[in-house]
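Student: Questions regarding the structure given below will be posed in turn.
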Amino acid sequence: MNKKIIAISVLIAILFISAIAGTIFYYNGVVNDKNSKIASLSTQMANQNNEIANLTSQIDQEPNLTNPHIVTQLGVTEIGNSSAIGQPYAWGAYWRLFIQGAAFNMGNSTAYNAGLKVIAYSGTGLLEINMTVPFVNGYNYGTNSAIVSVLANPDLGPLGPLQLGNLTRGQYAIIDIDIYHEGIVTNWTVTPVWTNTP
């Protein structure tokens, strides 16, 4: 009888150990599967955090469109030996920087004191033009008082206003400007400028 009890005890022990081993084996598989899913989700989360960081940096590089933001599309050409609008050369041959195109306020508020900052240099590096003009269509400007006095002749076309204007949200302006100057300019920058408040 002792042999039977020992055999049954051994059998129960084997079954118990098998059950424990089976449970451990099963839960090891479940835990490994869950760990694999956690690792996969962690990788996805890291990828999404990288994507968020990339998108945030792109947003940071875009202009703040709640403020005014003016973009321009301009053609700029230096035109030589120009007399003032159809007049003979008797008053002197001046060069002119011809600026033509458009400006558009793509922001969500008014751009105040809006215009173009024009800076131009001769081939030797001499500053020939340094002025800010409004967004206007069909006006002449001069870089010194002698040129301005000649351009003030009503037969030569309209002398441009100096007062900068406003460009409301979504508004565009046509630009057609001649800036008469002495000397020849070979490089220039024409940049839109404005303020966010009046």
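Quick note: the coordinates plus some simple rules give every number you see, no bench work behind them. Computed from a predicted structure; not experimentally measured.
Student: Could you pull the Cα extents of the chain along its three principal axes, largest to smallest, in whole Å?
Tutor: The Cα atoms of the chain stretch 140, 37, 22 Å along their principal axes.
Student: Pick from P158, P68, P134 the residue whose mean-square fluctuation is largest in a GNM of the chain, springs joining Cα atoms under 10 Å.
Tutor: Among P158, P68, P134, the largest GNM mean-square fluctuation belongs to P158.
Student: Pick from V148, V118, V30: which residue has the top mean-square fluctuation in a GNM of the chain where Cα pairs under 10 Å get a spring?
Tutor: Taking springs between Cα atoms under 10 Å, the residue moving most is V30.
Student: Running a GNM on the chain with Cα contacts under 10 Å, which residue among I184, I20, I79 ends up with the highest mean-square fluctuation?
Tutor: I20
Student: How far, in degrees from 0 to 90, does helix 2-61 lean away from the longest principal axis of the Cα atoms of the chain, to the nearest 10?
Tutor: Between the helix axis and the principal axis of the chain, the angle is about 0 degrees.
Student: When only Cα pairs under 8 Å and 6 or more residues apart are kept, what is the percent relative contact order across segment 90-159?
Tutor: Relative contact order for segment 90-159 comes out at 20 percent.
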